[in-house]
Amino acid sequence: MSLERPLVMGIVNVTPDSFSDGNAHFQADQAIAHARLLVEEGADLLDIGGESTRPGAQAVPADEELRRILPVIESLRDCGVPLSVDTCKPSVMQAALAAGADMINDIGGFSAPGAIEAVADADCALCLMHMRGEPRTMQDAPSYDDVVAEIHDYLHQGARRLRQAGIAADRIVLDPGFGFGKTVEHNYTLLRLLPQAVGQEYPSLLGVSRKSMIGAVTGRPPSRRLGGSVAAALAGAVRGAHILRVHDVADTVDALRVWSAVEQGVRA
Ligand SMILES: Cn1cnc2c(O)nc(N)nc21
């Protein structure tokens, strides 16, 4: 995929408890219909997840996670855009790749035993994200001496682990993990200093859509965070983010088109 312009990754939650649209798409058929709508709205790729990663979320067993996402992956193989699968479990990674996934998005940074082995011989893209702790506890008073430097170092140590396993550099995407063991202040510092947090060696993925960092400065509930989410996505695009992981694809695509017209002129 070309990374000359920021790509829009549409979120497809196949979970009953995701923080912003839990239960809305729990059934596979609803998730599939939602995913196809996101593609029509202009999503460049989709991120399919069967286990909520919001703060406080309970873990989901691998068989349940697969029961949720495999029908969705199989049905969307013909949707016209690459499919990313959001999971930390090596067994789910392998099954998702066998079902046709093009990317594995691991909020755990491929740190689980067997995670690197599960993807090393595939040709899929890999998103390595920073998380401090685990969803159930990660927001219990997170603290850093230098949040930007520590996350930069974690991401590049993780990339080195992947490279040492023989994984080509062009398969790797890095992500600071907004909201994953960070205070609101940490999140805005990371967004402001995104280039320093991710470095220049690998493309970056940004996931801020509808998150509590948006609510904290707007006072809006998750269902009313569109304006803040688009603003944060653009702030990331201006700072070089390559993939924007969002719920609201059409609005984000519109915002990027207007920004591009300002920066590069209006295409006929
Ligand atoms: C699954 N998921 C939820 N938030 C995310 C984020 O910010 N980045 C990535 N890579 N995945 C996320």
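The values are calculated or read from the model by the stated rules, or taken from the named source; none is laboratory data. Just so it is clear, the structure is predicted and the values come from calculations on it, not from any experiment. Note that we place each Cβ from the backbone using ideal geometry, even for glycine, and neighbour counts take in every protein chain shown. SASA here: full protein model, heavy atoms, side chains in, ligands and nucleic acids out. Shrake-Rupley method; radii C 1.70, N 1.55, O 1.52, S 1.80 Å.
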> Are there any pairs with C-beta distances below 8 angstrom linking a residue in segment 242-259 that is in contact (Cβ under 8 Å) with a residue 24 or more places away in the chain and away from the ligand (no atom under 15 Å from the Cβ) to a residue that is open to solvent by 40 Å² or more (accessible area, probe 1.4 Å) and part of a helix (DSSP H, G or I), with the two at least 6 apart or on different chains, and if so which?
Replying inline: Val249/Glu41; Ala250/Glu41; Asp251/Leu226; Val253/Glu41; Ala255/Leu234; Leu256/Leu234; Trp259/Leu234; Trp259/Val238
> Pick from Ala28, Ala98, Ala43: which is farther than 24 Å from Asp254 by Cβ and touching a residue at least 24 places away in the same chain (Cβ under 8 Å)?
Replying inline: Ala28
> Of the residues in segment 199-219, how many are of a type outside the set (Ser, Thr, Tyr), touching a Lys or Arg at 6+ places or on another chain (Cβ under 9 Å) and outside any strand (DSSP E or B)?
Replying inline: 7
> Limited to segment 10-49, what total is found for residues that are modelled with pLDDT of 95 or more, under 23 Å from His242 (Cβ atoms) and not in a loop (DSSP other than H, G, I, E, B)?
Replying inline: 13
> What number goes with the only condition from (1) open to solvent by 40 Å² or more (accessible area, probe 1.4 Å); (2) in contact with a Pro (Cβ under 7 Å, 6 or more places away or on another chain) that Val198 does not pass?
Replying inline: (1)
> Quick one: is Leu46 within 30 Å of Gln264 (Cα to Cα) and surrounded by fewer than 18 Cβ atoms within 10 Å (Cβ to Cβ)?
Replying inline: no
> Inside segment 102-117, can you point out the residues that are touching a residue at least 40 places away in the same chain (Cβ under 8 Å), out of contact with any helix residue (DSSP H, G or I) (no Cβ under 6 Å at 6 or more places or on another chain) and buried (at least 24 other Cβ atoms within 10 Å of the Cβ)?
Replying inline: Met103, Asn105
>> Quick check on this structure: which one of Pro71, Pro82, Pro55, Pro90 is open to solvent by 10 Å² or more (accessible area, probe 1.4 Å), within 14 Å of the ligand (Cβ to nearest atom) and not basic (Lys, Arg)?
In response: Pro55
> Of the residues that sit in segment 201-216 and are surrounded by fewer than 24 Cβ atoms within 10 Å (Cβ to Cβ) and under 17 Å from Ile151 (Cα atoms), which one is farthest from the chain's Cα centre (by Cα)?
Replying inline: Glu201
>> Can you tell me how many residues within segment 149-170 are of a type outside the set (Gly, Ala, Ser), buried (at least 19 other Cβ atoms within 10 Å of the Cβ) and within 19 Å of the chain's Cα centre (by Cα)?
In response: 5
